[in-house]
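Note sheet for the following structure.
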């Protein structure tokens, strides 16, 4: 990945960096590896006593290694790595969109996810716009774009909390299989809805990048948002169909992995060359790749890469973070966290109205993981302006706080629903090395 990263950055229009940047990047990754071992075992002891997902330690590690501490002199040198990681997450999410699996989703999961997109995405987006435009006096276009990005990140869920509880309380799973929740349960509904909100958030962000696409200085003919949308969808579909032929000839896990690395480098470079969302392009590409008989094998190969890619995203999210003014930063973080909490609860109640679904189902949707971070990173790579660092900070803090609170909120929901007992002990403590990172 490191060897192809400079080419990816150049194809995406990034400013070339000096040869010494690769040495610095390798040094940083070495420091990350050493610090990871310390953070890993420290958080492992905490997780064995508390029901929390990890993540905050990696973000803090990234902050210490980042430009705010002087270790990284130019965050732009990480642009190809950030783009690659975001593209990989898009491909991972797209791999969950097999048609046969979508047909088995719990009833009302689609309704919950759609209402979540409208209520949470729209509510947080409008609140963010109001603060940035009327409170911080930013231009309408910039404030609208920033509000839309906040809304997309807010609606994005995560299965990190459901995975953690499924690992700790095996009675939630059918035959103890983490990928097979007991049908008809609140837990199964939360799992399915969380995955759908990730997909909807990625698609919504892709539409936002098309609407606010900046006109190239070398082109005299303005392109409409609809044209960029067609380009984005067409790129994902075309590359997906082409790369299906490549993947179909690979028979081993190693061969499939190397093919995937090449696919993501190419698709991400193409997306950033057009200033489109690599996250969305790779989502579409991944959804096409996993259809058919070989799709399950490819899906499993991709899933094994989730944990290290999410860890890399968390660290790099901290690395590229830039301090913002305390007052404005606290205000935008409050919008990202508190408004999201309120609108999540509201959307669950609205979607559950007139159905057997619990009106407090929104308590299970508080997790916010790697997709939100990818949205923030992509926003920073594609756009510039006074709101970028504020929005990036708000999303990063929101992800960290939500991942801390989400597992216990979900457990409380399942206790109230009768699927867990309050005094029930965990099925087993995690063994050293069996940690549940943010994401999923």
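The values are calculated or read from the model by the stated rules, or taken from the named source; none is laboratory data. From a predicted model like this one, the values you see are computed outputs, not experimental measurements. When we count neighbours, we look across all protein chains shown, and the Cβ atoms used for this are built from the backbone with ideal geometry, even at glycine.
Here are some notes:
- With a requirement of 2 or more residues that are touching a residue at least 24 places away in the same chain (Cβ under 8 Å) and more than 16 Å from the chain's Cα centre (by Cα), the helices (runs of 4 or more DSSP H) lying completely within the range 258-341 that satisfy it span 278-289, 295-303, 326-334.
- Leading residue by the ranking (modelled with the highest pLDDT) among those in the range 149-190 that are touching a helix residue (DSSP H, G or I) at 6+ places or on another chain (Cβ under 6 Å) and farther than 22 Å from residue 368 by Cβ: 170
- Flag for residue 180 being over 26 Å from residue 313 (Cβ atoms) and in contact with a strand residue (DSSP E or B) (Cβ under 8 Å, 6 or more places away or on another chain): yes
- Cβ pairs under 8 Å, 6+ apart, first in the range 366-389 and at positive phi, second assigned to a helix (DSSP H, G or I) and surrounded by fewer than 22 Cβ atoms within 10 Å (Cβ to Cβ): 385/142
- Considering only residues in the range 78-123 that are closer than 20 Å to residue 262 by Cα and more than 16 Å from the chain's Cα centre (by Cα), the one that is modelled with the lowest pLDDT turns out to be 78.
- Test result for residue 94, over 25 Å from residue 290 (Cα atoms), out of contact with any strand residue (DSSP E or B) (no Cβ under 8 Å at 6 or more places or on another chain) and surrounded by 17 or more Cβ atoms within 10 Å (Cβ to Cβ): no
- Note on the range 261-301: residues that are surrounded by 18 or more Cβ atoms within 10 Å (Cβ to Cβ) and closer than 21 Å to residue 99 by Cβ amount to 16.
- Some residue of the range 135-142 being more than 20 Å from the chain's Cα centre (by Cα), surrounded by fewer than 24 Cβ atoms within 10 Å (Cβ to Cβ), under 23 Å from residue 403 (Cβ atoms) and touching a residue at least 60 places away in the same chain (Cβ under 8 Å): no
- Failed item, numbered, when residue 403 is tested on (1) part of a helix (DSSP H, G or I); (2) at pLDDT below 90; (3) surrounded by fewer than 18 Cβ atoms within 10 Å (Cβ to Cβ): (3)
- Residue pairs whose Cβ atoms lie under 6 Å apart, separated by 6 or more positions or on different chains, with the first residue in the range 342-354 and surrounded by fewer than 19 Cβ atoms within 10 Å (Cβ to Cβ) and the second assigned to a loop (DSSP other than H, G, I, E, B), are 349/359.
Here is a yes/no grid of residues against (1) modelled with pLDDT under 90; (2) surrounded by 14 or more Cβ atoms within 10 Å (Cβ to Cβ); (3) farther than 19 Å from residue 88 by Cα:
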site: 220; (1), (2), (3): yes, no, yes
site: 236; (1), (2), (3): no, yes, no
site: 239; (1), (2), (3): no, yes, no
site: 249; (1), (2), (3): yes, no, yes
site: 254; (1), (2), (3): yes, no, no
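- Annotation note: Cβ proximity below 9 Å between a residue of the range 89-108 that is on the phi > 0 side of the Ramachandran plot and a residue that is assigned to a helix (DSSP H, G or I) (sequence gap 6+ or interchain) occurs for 108/189; 108/193; 108/351; 108/352.
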